[in-house]
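One structure is given below, encoded as structure tokens.
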Amino acid sequence: MNDTFLKACRGEEVPYTPIWIMRQAGRYLPEYRAIRGKADFLTMCKTPELAAEVTLQPIDILNVDAAILFSDILIPCEAMGQGLDFHEGKGPLLGPPIRDKETVDKLFVPDPEETMGFVMDTIRLLRKELAGRVPLIGFAGAPLTTATYMIEGGTSKNFLNTKMMIYQNPELYKSFMDKVTATITEYLKAQISAGAQAVQIFDTWGGIFSPADFREHALSYVQTIIKSLKEWMAKERDESVPIIYFVGETAGLLEDIKTSGADVFGVDWRINLDEAIKRLGGDVVVQGNMDPLSTFLPKDKIEERVKKVLAQASSARGHIFNLGHGVVPQTPPDNVIALVEMVHRLSKR
Ligand code: CP3
């Protein structure tokens, strides 16, 4: 098996720097759009054969070193009892928005196999189809990032309703977050039991806070998840799977992120990787961090940036190359294919 990605996660020696890309299965690939033309997004997520097929596309097309489960961080919101829909051009819509005691009380902590069995079925199918080619990454949204969608009812600009709940009704926020945290913990355990070989926790919206608010209202719940996953893995499993924690707007929060308990820290592009490594304490494994839109540059300029990121990463114990966030639908696939080749070639030990 190509286990370069898992070795890098553990800070072990690797023959080259492994790379995977957030949203590597997505609308920038014509092969994805061909399948998406026949089924809506949620149907794809809920049909293991389709979800597995698009998960595998970037493995063949890009030659990346890991597969990431095709699904969405909002799947557990529906399992908790909230309505979920994806509208063309509008993004996700969730309803009714969670804003008072009544709506929080109606939510439950679901059994993942019973309510989201299609995700675990996709993982089991993928492990068979991958047959050891590359490891499979599972994922979930962090509690705060998941909660913002549930409270706002969709994507938001200033997260007004989320912050109103936090500042005006902190007990309600906490009781809601405890349910979200328990749901995500059980969901990640189920993914690992089904065969996920690493998991990433996406905290895309962690950067909406001051560091103190981030610690209290976002990070503390992530620490709870990672602690219970690690205790559970030590007790129930032969081997621990690496946990990656990705926070958007990473730069203001690095000293706090360091205390999350994660094995790998995802870094966005708004900071140089060498500085991020220093602020994380030096002896760490990092993932990142090229600006996703720098894939629009001419190839020689992309190559310069790859060299820069690889050089900056040399002070870390381990490095997994990635973009600082997801690849966007307009990205030229050719440049992404070239990027993967560049990382492999330029990082060869
Ligand atoms: O990385 C991967 O390839 C795995 C699959 C994956 C998707 N979403 C597929 C997807 C993962 C890991 C996610 C995570 C996710 N989803 C996050 C966290 C990371 C991030 O990107 O910030 C968030 C915040 C979501 C919520 C979400 N899902 C939004 C806001 C949208 C709409 C975005 C848009 O541009 O329309 C989605 C839809 C979505 N999730 C798509 C894909 C491929 C596009 C759906 C389509 O084909 O129409």
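The values are calculated or read from the model by the stated rules, or taken from the named source; none is laboratory data. Not measured: the values here are computed from a predicted model. Every residue, glycine as well, gets a Cβ built from its backbone with ideal geometry; the counts of neighbours run over all protein chains shown. Just so you know, the surface numbers come from the protein's heavy atoms only, side chains and all, with ligands and any DNA or RNA stripped out. Shrake-Rupley method; radii C 1.70, N 1.55, O 1.52, S 1.80 Å.
Residue by residue, here is whether (1) under 21 Å from the mean Cα position of the chain (by Cα); (2) within 19 Å of residue 82 (Cβ to Cβ) holds:
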| residue | (1), (2) |
| --- | --- |
| 102 | no, yes |
| 106 | no, yes |
| 136 | yes, no |
| 140 | yes, yes |
| 143 | yes, yes |
| 173 | no, yes |
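Taking the stated definitions as given, is residue 186 more than 16 Å from the ligand (Cβ to nearest atom) and of a type outside the set (Gly, Ala, Ser)? Yes.
Pull up the stretch 4-44, narrow it to residues that are of a type in the set (A, V, I, L, M), under 21 Å from residue 283 (Cβ atoms) and open to solvent by 10 Å² or more (accessible area, probe 1.4 Å), then point me to the one that is farthest from the ligand (Cβ to nearest atom). In this case the residue turns out to be 14.
Considering the stretch 53-82, and only residues there that are among the charged types (D, E, K, R) and open to solvent by 20 Å² or more (accessible area, probe 1.4 Å), the residue that is nearest to residue 331 (Cα to Cα) turns out to be 60.
Which condition breaks for residue 166 when tested against (1) open to solvent by 40 Å² or more (accessible area, probe 1.4 Å); (2) in contact with a His (Cβ under 8 Å, 6 or more places away or on another chain); (3) among the β-branched types (Val, Ile, Thr)? Among (1) open to solvent by 40 Å² or more (accessible area, probe 1.4 Å); (2) in contact with a His (Cβ under 8 Å, 6 or more places away or on another chain); (3) among the β-branched types (Val, Ile, Thr), residue 166 violates only (1). As a summary of the residue check, residue 223 satisfies the conditions (1) touching a residue at least 60 places away in the same chain (Cβ under 8 Å); (2) surrounded by fewer than 23 Cβ atoms within 10 Å (Cβ to Cβ); (3) of a type in the set (S, T, N, Q) except for the one numbered (1). Please determine whether any residue of the stretch 56-65 is away from the ligand (no atom under 13 Å from the Cβ), of a type outside the set (S, T, N, Q) and in a helix (DSSP H, G or I). Checked against the condition, which is being away from the ligand (no atom under 13 Å from the Cβ), of a type outside the set (S, T, N, Q) and in a helix (DSSP H, G or I), the stretch 56-65 yields at least one hit. The residues in the stretch 81-128 that are among the small types (Gly, Ala, Ser) and more than 16 Å from the ligand (Cβ to nearest atom) can be counted, and the count is 2. Determine whether the stretch 334-347 contains at least one residue that is within 16 Å of the ligand (Cβ to nearest atom), touching a residue at least 12 places away in the same chain (Cβ under 8 Å) and in contact with a Pro (Cβ under 7 Å, 6 or more places away or on another chain). No: zero hits.
A residue that is more than 14 Å from the ligand (Cβ to nearest atom) and surrounded by fewer than 20 Cβ atoms within 10 Å (Cβ to Cβ) can be found somewhere in the stretch 142-159.
Condition check ((1) open to solvent by 40 Å² or more (accessible area, probe 1.4 Å); (2) aromatic (Phe, Trp, Tyr); (3) not in a helix (DSSP H, G or I)) across all residues:
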{"residue": "182", "(1), (2), (3)": "no, no, no"}
{"residue": "187", "(1), (2), (3)": "no, yes, no"}
{"residue": "192", "(1), (2), (3)": "no, no, no"}
{"residue": "201", "(1), (2), (3)": "no, no, yes"}
{"residue": "229", "(1), (2), (3)": "no, no, no"}
{"residue": "235", "(1), (2), (3)": "yes, no, no"}
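Against the list (1) within 16 Å of the ligand (Cβ to nearest atom); (2) within 18 Å of the chain's Cα centre (by Cα), the condition residue 226 fails is (1). List every residue pair whose Cβ atoms sit under 6 Å apart, with the two residues 6 or more apart in sequence or on different chains, where the first one lies in the stretch 130-158 and is over 20 Å from residue 172 (Cα atoms) and the second, anywhere, is modelled with pLDDT under 95 and not polar (S, T, N, Q). Here the result reads 132/1; 155/91, each pair linking the stretch 130-158 to a residue that is modelled with pLDDT under 95 and not polar (S, T, N, Q).
Taking residue 214 as the residue in question, decide whether it is touching a residue at least 12 places away in the same chain (Cβ under 8 Å), buried (at least 17 other Cβ atoms within 10 Å of the Cβ) and part of a helix (DSSP H, G or I). Spelling it out, residue 214 is indeed touching a residue at least 12 places away in the same chain (Cβ under 8 Å), buried (at least 17 other Cβ atoms within 10 Å of the Cβ) and part of a helix (DSSP H, G or I). Summed over the stretch 4-52, the residues that are among the small types (Gly, Ala, Ser) and farther than 25 Å from residue 331 by Cα give a count of 2.
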